Amino acid sequence: GMVNKMGIIDSFFIGSYDAKPLKKFEVRLPLPKEDTLQAAPWTLLWESQNGTIRNLGGEIQNDSLLVKLDRFGRFFLTQDTIAPKIRARRLKQRMNPWDQIQFELTDNWEVSGEARELRYTATLNGNWILFSNDLKTHRITHKFTEDMEPGEYDLRLVVRDDRDNETIFNYRFRFK
């Protein structure tokens, strides 16, 4: 198939929307020969009957993308080069003990099947800190602990998607 402007190759069907596979099955999709970047972020998308797109991921092996599928329907082979978006929700220059740090993390496609959800690590002055994660609202939240020292803090948040596209957010604030 041809690669169009969006990097998407013509769609193709496996089975039909009316049927459900009895168990997961593996497909091996040859990647375009002219693509010399073997490690290019190829991925498989699935489109539901109502037009929802899901990223199913896949593993690149030699010149193919290997994907385990649990559904039939319309698929697209494409590259994901778009990094996740980080939106700060509750950051202030001066944070108090009752404040919370909150971010909304989104990506160009929701994932399904074997593809991984967004992964993130957060540090304050280089030390790992815990965020609670609400997948439904795509929000992660950090509550300050009682014993946190007053002072200047450097917050660093690194977010990666299934194809390892990465976004980094740095912020300095004063506590108390």
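Table for the structure above
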quantity: Residue tally, condition assigned to a strand (DSSP E or B) and open to solvent by less than 80 Å² (accessible area, probe 1.4 Å), over the stretch 139-176; calculated: 17
quantity: Conditions (1) part of a loop (DSSP other than H, G, I, E, B); (2) open to solvent by 60 Å² or more (accessible area, probe 1.4 Å); (3) closer than 15 Å to residue 84 by Cβ; number of the one not met by residue 136; calculated: (3)
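Residues checked against (1) under 24 Å from residue 166 (Cα atoms); (2) open to solvent by 50 Å² or more (accessible area, probe 1.4 Å); (3) free of Cβ contacts under 8 Å to residues at least 40 places away in the same chain:
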residue	(1), (2), (3)
60	yes, yes, yes
89	yes, yes, no
102	yes, no, no
110	yes, yes, no
125	yes, yes, yes
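The values are calculated or read from the model by the stated rules, or taken from the named source; none is laboratory data. Predicted, not measured: the structure shown is a model, and the values here were computed from it. A quick note on method: Cβ atoms are made from the backbone with ideal geometry, for glycine too, and the neighbour counts reach across all protein chains shown. Side chains included, ligands, DNA and RNA excluded: accessible areas come from the protein's heavy atoms. Shrake-Rupley method; radii C 1.70, N 1.55, O 1.52, S 1.80 Å.
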